[in-house]
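Take a look at the structure set out below.
The values are calculated or read from the model by the stated rules, or taken from the named source; none is laboratory data. The structure presented is a predicted model; accordingly, all values stated were derived computationally and were not measured. Heads up, the Cβs are rebuilt from the backbone with ideal geometry, glycines too, and the neighbour counts pull from every protein chain shown.
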Amino acid sequence: MSINWFKYASPASFYPLAGKSIPWFLVCAALLSLFGLYWGFFETPDVLTEQKEYYRIIFVHVPAAWLSMWLYIVLVAWAVIGLVFNTRLSYMLAAAIAPTGAMFTFLSLWTGAFWGKTSWGTWWDWDPRMTSQLILLFLYVGYMALQSAIDETRRADRASALLAIVGLVLIPIIFWSINCPDPNQCAALHQRSSLKTVEANILTAMLIMALAFWSYSFGVIFMRLRNLILERERNSKWIKPLVEETS
Amino acid sequence: MTLSEFFSMNGYGFYVWSSFGMTALLMLGELILVKKHNRTILKRLRRIIRLQAEQETSL
């Protein structure tokens with residue numbers, strides 16, 4: 001069976017598809033969150049409950065940080081597809097992703113501050129990873145600001161897509177910012193770590209929360225995408241019956 | 001473990017609940033804002049369609 005992918009590249013056919021999938025993503029996100037929180041608070045080993053309770057911040061900190069980076073990569077992917085194929089929907093997807101990505105970036109910094117205060121004794125430090133993550137937040141904000149500063153939609157889409165692509169260089173920097181070759185030269189608070197060294201129950205809760213955040217992102221980004229489609233395609237014929245249907 | 005023990009988190013309650021609280025607040029807040037925006041857009045589009053229909057009948 002061959003699927004004509006370009007059929008779904010049209011806003012008119014993607015709009016109802018996204019609408020149908022939103023409740024599923026949001027229900028999945030809610031269930032996974034409950035499960036992840038239960039696991040994170042009640043199924044973790046005793047070593048946590050004795051003194052290092054603040055460690056539980058990891059269950060929102062790490063998923064938020066992962067999502068902030070992944071969403072940026074996905075945003076850039078859609079920006080590139082938009083530039084190559086000149087498809088309206090790709091640009092709309094990129095634009096719909098940005099606010100959620102910015103929110104997760106802010107959350108990673110916020111939860112990181114509360115964790116840092118307890119484990120390192122400071123809310124903020126110019127540690128390489130924190131600094132590059134802060135720049136990622138500015139990139140998201142810059143992308144959104146550029147988009148809204150240009151009145152003509154197509155120009156705004158192309159300009160902000162270029163900005164997003166240039167900013168992609170930041171993602172590997174964030175990723176490898178913990179691999180400081182010489183601790184005397186660059187003191188990094190974020191140390192080299194591997195998923196293999198994380199205790200199994202903590203890892204389970206963390207991964208479930210990451211799945212929950214992914215699912216949430218799909219749901220809320222599709223909601224925002226539908227808003228963008230309604231706003232940008234409001235003069236198309238197919239919008240009219242759809243709007244009347246909702247009244 | 002009692003309920004108050006759970007919330008105190010061995011003295012780290014402020015840090016733990018500030019992190020989880022902000023996460024819940026922003027995620028739920030984002031959902032509500034996007035939903036609200038959707039209602040505003042639909043309302044505006046309905047008004048535009050109604051105005052267009054009225055113009056057509058008056059011609």
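Structural remarks
- Of all residues making up region A:221-247, the number that are more than 10 Å from chain B (Cβ to nearest Cβ), among the basic types (Lys, Arg) and more than 15 Å from B:Thr40 (Cα to Cα): 1
- The requirement of being more than 13 Å from chain B (Cβ to nearest Cβ), out of contact with any Ser or Thr (no Cβ under 9 Å at 6 or more places or on another chain) and either of a type in the set (D, E, K, R) or in a helix (DSSP H, G or I) (or both) is satisfied by A:Phe35.
- Sole exception among (1) over 28 Å from A:Phe42 (Cα atoms); (2) modelled with pLDDT of 95 or more for A:Tyr216, by number: (1)
- Yes/no for A:Thr118 being under 22 Å from the mean Cα position of the chain (by Cα), buried (at least 16 other Cβ atoms within 10 Å of the Cβ), within 14 Å of chain B (Cβ to nearest Cβ) and assigned to a helix (DSSP H, G or I): no
- B:Glu56 being of a type in the set (Asp, Glu) and surrounded by 10 or more Cβ atoms within 10 Å (Cβ to Cβ): no
- Figure legend. Inter-residue proximity from region B:30-41: first residues at the interface with chain A (Cβ under 7 Å from one of its Cβ atoms) and of a type outside the set (Gly, Ala, Ser), second residues surrounded by 12 or more Cβ atoms within 10 Å (Cβ to Cβ) and not in a helix (DSSP H, G or I), beta-carbon distance below 9 Å, spacing 6+ or different chains. Indicated pairs: B:Ile41/A:Arg234.
- Residues being surrounded by 18 or more Cβ atoms within 10 Å (Cβ to Cβ) and under 27 Å from B:Phe20 (Cβ atoms) - total across region A:126-154: 9
- Qualifying positions in region B:3-29 - more than 26 Å from the chain's Cα centre (by Cα) and at the interface with chain A (Cβ under 7 Å from one of its Cβ atoms): B:Met9, B:Asn10, B:Tyr12
- Within region A:122-156, the set of residues being among the hydroxyl-bearing types (Ser, Thr, Tyr) and in contact with a helix residue (DSSP H, G or I) (Cβ under 7 Å, 6 or more places away or on another chain) comprises A:Thr122, A:Ser132, A:Tyr140, A:Tyr143, A:Thr153.
- Residues satisfying the stated conditions in region A:198-220, i.e. within 22 Å of A:Tyr8 (Cβ to Cβ) and more than 9 Å from every other protein chain (Cβ to nearest Cβ): A:Trp214, A:Ser215, A:Ser217, A:Phe218
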